[in-house]
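Colleague: Here it is, the structure in full.
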Amino acid sequence: MNRFFLTTAIDYVNSRPHLGTAYEKVCADVIARYKRLCGIETRFLMGNDEHSQNVFKQAVEQDLDPLAYCDAMEQEFRRTWQRLDVSFDDFIRTTEPRHRNGVTALAQRIYDAGDIYEGLYEGWYCVSCEEFKQEKDLVDGNCPLHPTLKPEWIREKNYFFRLSQYQQALLDHFTLHPEFLQPDVRRNEILRLIESGLVDISVSRAGQSWGIPLPFDPSGVVYVWFDALINYASAVGLGGDQAMFEKWWPADLHVIGKDITRFHAVIWPAMLMSAKLPLPRQIFGHGFMTMNGQRMSKTLGTIVDPVVAADRLGHDPLRLYLVKEIVFGADGDFSWDRYDERYNADLANNLGNLVSRVAAMAGRYREGVLRPTGAASDQLVRIGEQSAADYRKAMDAFMLHDGAAAAFRLVDATNEYVAATAPWMIAKDPSAADRLTQVLFDAAEAIRLAAVLLEPIIPSSTKEILRRVGAPPEGLRLERDGRWRSDGERRLALEGPLWPRRETDQRTSTAAGARVGQKETPVSDHPLPADAPSPGARAETPPAPAADRIGIDDFMKVELRVAKVVAAERVEKSKKLLKLQVDVGTEHRTLVAGIAEAYEPESLVGKTVVVVFNLKPAKLMGIESNGMVLAASPDGGKPEVVTFTNPPEPGTRVR
């Protein structure tokens, strides 16, 4: 395939976009950017649905001409998509002449085919959906998507589309093209709907002027949903530019919300069948974005402004959260706490810290210039190649969350590689100079490859990462750049943090070597009883009386878990404390450990340790802590952290 035409649902402009709307646009943008990364000529269409009666009412309430109102809202939507770095190639409005031409042409073709007839409609109509509802679709008499609004009972003369005649044709198409509607849960829902029987649908509204006149009866206008669906074809020349239409139609992918799959996977294909036009190749119905378990909805008041979310941490962190944290096709929940947590874990502590560490060591030991001096690490090369293969397979199947996870597996492996090879230790041996250079080169190459894979998801950030590891950020191609390279010179740039860590009020984590709730205090500042031994002297420890021993029930109150260190740094103004970021399986935590005299921060990253998981939070040197790293601390000796030879998964209970 040498071209790819991708669309999203066009949006009502009766209010500004919310994060649920933005989720669809960001995911579609990731797909578009991936196709471009693969070298495929891509056309990415978005737009606004303006012939809505709700839009008309909103304009009247603001004492504006409807078109002037839509002009202003177009700028609002464009500003939002620009803030989220959405790279659409075309933006269509249903009030444009090209769209009017397309709607007129398609409606006339369907009418000429004998599939539109005049009749009387009587039934329920949801004003918010702008959709006719059957009794069986209502929940307690209300629209399931707008439960606070009672549908209206209307009776009017309409024109109807003979949807019922296309039931078998649709079933045949689904059989011949099982990939037509994804994911499978949407396909199964729509198949059940078609098999249960289709009824003819209204394609016009009488007594209204805000809309496109019916070409065969100008006294009525085209029903808003019938009008809106045609945008996908009118944007590429239907009714106007035949050469353009032949190049780009049919669409390769419609990305839409699961609530409108019936329109896109039943009504729209039937319209095209009637008009003797090719059907889109695939439709993907994504899930809802929820806020604390409730669907994001203007009606319900559960919305998040995507610009506010992007301004909080940056548009790339928001894009990564939406793609990596939510299974594409399933519902996904958003919370500010989780957003902050994933920013710290994935970007500040993991990817960002890795880039900074490797650049810092390249600058310290090799003046920022790296060239291969031997064979690359077999293990890291294998992981890099496997990650790239897994990424491509996932992205080709639109499993965007799995694609992001594949890229981050390479990031994790690189952190582990740096921890295992310990470049700071190799640097102490002058005879191992070439080995040190190769280790740093391999780490930089792994970062480069991970950045290429992440380019569709966090495009601005990956440009900066590639610049910092000395790789050209422009003109990327997955076939060429999405594989391991073992040659060339890299000039790394050491600059400020890509993503400064965000301190939150959440339960973060805590300390080893010092108990939670303690302040770090020099030994000489502790008041000692008169009979206490001097500091450093070995005191005899009498055996504990049996009465002082604890039972198994008391011991089991202490929850020990396996944790993996993902980042480490010294605590400012402290000689003893290190601040660790650890993965405990269900979350990432911050621990403050009194082991700085025994360990360099870099040497701990990638190690698997044991933590006391259920200690109460407290402040230690101004850092909120909640836990303890287990370490053996012999009298007069340096602490040694408890680790594993064959580490279990983070979060495993230690018993």
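What follows is calculated from the coordinates using simple rules that are stated; it is not laboratory data. No experiment lies behind these values; they were computed from the predicted model shown. Note that we place each Cβ from the backbone using ideal geometry, even for glycine, and neighbour counts take in every protein chain shown.
Colleague: Can you tell me the FRET efficiency between residue 337 and residue 467 if r is taken as the Cβ-Cβ distance and R0 is 41 Å, rounded to the nearest 0.05?
Modeller: Working: r = 32 Å, r/R0 = 0.79.
Once rounded, the FRET efficiency stands at 0.80.
Colleague: Ranked from highest to lowest mean number of other Cβ atoms within 10 Å per residue, what is the order of the peptides 346-355, 574-583, 95-104, 449-458? Present the calculation step by step, with values, prior to reporting the outcome.
Modeller: Values: 346-355: 24.4, 574-583: 22.8, 95-104: 20.5, 449-458: 27.2.
Sorting 346-355, 574-583, 95-104, 449-458 by mean packing, highest first, produces 449-458, 346-355, 574-583, 95-104.
Colleague: While we're looking at this one, here's another question. Can you list the equivalent-ellipsoid semi-axes of the range 335-491, largest first and in whole Å, using the square root of 5 times each Cα gyration tensor eigenvalue? Kindly include the intermediate steps, with their values, before the conclusion.
Modeller: On the way: eigenvalues 135, 62, 40 Å².
After diagonalising the Cα gyration tensor, the semi-axes are 26, 18, 14 Å.
Colleague: Take each of the peptides 254-266, 238-250, 424-436, 194-206, average the number of other beta-carbon atoms within 10 Å over its residues, and list them starting from the highest. Working shown, then result.
Modeller: On the way: 254-266: 21.0, 238-250: 16.1, 424-436: 13.8, 194-206: 17.6.
Highest-to-lowest ranking by the protection proxy: 254-266, 194-206, 238-250, 424-436.
Colleague: Just the number, please: percent antiparallel of the DSSP beta bridges in the chain, rounded to the nearest 5. Don't skip to the end; give the middle numbers.
Modeller: Working: 52 of 77 bridges.
Roughly 70 percent of the beta bridges in the chain run antiparallel, per DSSP.
Colleague: Can you compute the modelled spin-label distance between residue 171 and residue 632, with each label point 7 Å from Cα toward Cβ, in nm?
Modeller: About 7.2 nm separates the two model spin labels.
Colleague: Still on this model: Going 7 Å from the Cα of residue 502 in the Cα-to-Cβ direction, what parts of the range 327-370 have a backbone nitrogen less than 17 Å from that spot?
Modeller: The answer is 333-353.
Colleague: Bin width 10 Å, origin at 0, all Cα-Cα pairs of the chain: what percent of pairs per bin?
Modeller: The percentages, shortest bin first, are 3, 13, 21, 20, 15, 12, 9, 4, 2, 1, 0.
Colleague: Also, I was wondering about something else. List the residues whose amide H sits under 5 Å from the amide H of residue 566, counting only those 5 or more places along or on another chain, with H placed 1.01 Å from N in the peptide plane.
Modeller: Long-range HN contacts for residue 566: 581, 582, 583, 606.
Colleague: Out of all Cα-Cα pairs in the range 550-654, roughly what percent, to the nearest whole number, are more than 20 Å apart?
Modeller: Working: 2051 of 5460 pairs.
For the range 550-654, the fraction of Cα-Cα distances above 20 Å is 38 percent.
Colleague: Let's test the formula: R0 of 41 Å, r as the Cβ-Cβ distance of residue 489 and residue 327. What FRET efficiency results, to the nearest 0.05? The partial results should precede the final answer.
Modeller: Details: r = 41 Å, r/R0 = 1.00.
It comes to 0.50.
Colleague: Near the amide H of residue 297, under 5 Å away, which other amide H atoms are found, from residues 5 or more places off or on another chain, if H is placed in the peptide plane?
Modeller: 302, 303
Colleague: Here's another thing I want to ask about it. Share of Cα-Cα pairs in the range 358-412 beyond 19 Å, in percent? Please list the in-between numbers first.
Modeller: On the way: 707 of 1485 pairs.
That tail contains 48 percent of the Cα-Cα pairs.
Colleague: Another question, if that's okay. Show the residues, 5+ positions off or on another chain, whose built amide H is closer than 5 Å to the amide H of residue 48.
Modeller: For residue 48, whose amide H was placed from the backbone, the distant partners under 5 Å are 11, 92, 93, 94.
Colleague: Another question about this same structure. Taking Cα pairs under 8 Å and at least six residues apart, what relative contact order does the chain come out at, in percent? Show your work: numbers first, answer last.
Modeller: Details: 1206 pairs, mean separation 76.2, N = 655.
Computed value for the chain: 12 percent relative contact order.
Colleague: Here's another thing I want to ask about it. Just subtract the alpha-carbon distance of residue 276 and residue 65 from 0.36 nm times their residue separation and send over the number in nm, one decimal. Provide the component values of the computation, followed by the final result.
Modeller: Working: separation 211, 0.36 × 211 = 75.96 nm, distance 3.75 nm.
Result: 72.2 nm gained on full extension.
Colleague: Further question: Fully extended, how many nm does the chain gain between residue 219 and residue 420 (0.36 nm per residue separation, minus their Cα-Cα distance)? Mind showing how you got there, number by number?
Modeller: Values: separation 201, 0.36 × 201 = 72.36 nm, distance 7.63 nm.
In short, 64.7 nm is gained.
Colleague: How would you rank 225, 268, 484, 336, going from fewest to most other Cβ atoms within 10 Å of each one's own Cβ? Can you show the working numbers first?
Modeller: Details: 225 21, 268 24, 484 17, 336 14.
The most exposed by this proxy come first: 336, 484, 225, 268.
Colleague: Give a residue-ordered list of calculated ³J(HN,Hα) values for the range 348-365 (Karplus: 6.51 cos²θ - 1.76 cosθ + 1.60, θ = phi - 60°; whole Hz; x for Gly, Pro).
Modeller: After applying 6.51 cos²θ - 1.76 cosθ + 1.60, I find 4, 8, 9, 5, x, 5, 4, 4, 5, 5, 5, 5, 5, 5, 4, x, 6, 9 Hz.
Colleague: Relative contact order of the range 550-654: what whole-number percent is it, with Cα pairs under 8 angstrom and at least 6 residues apart?
Modeller: Numbers: 222 pairs, mean separation 32.7, N = 105.
About 31 percent, as a whole number.
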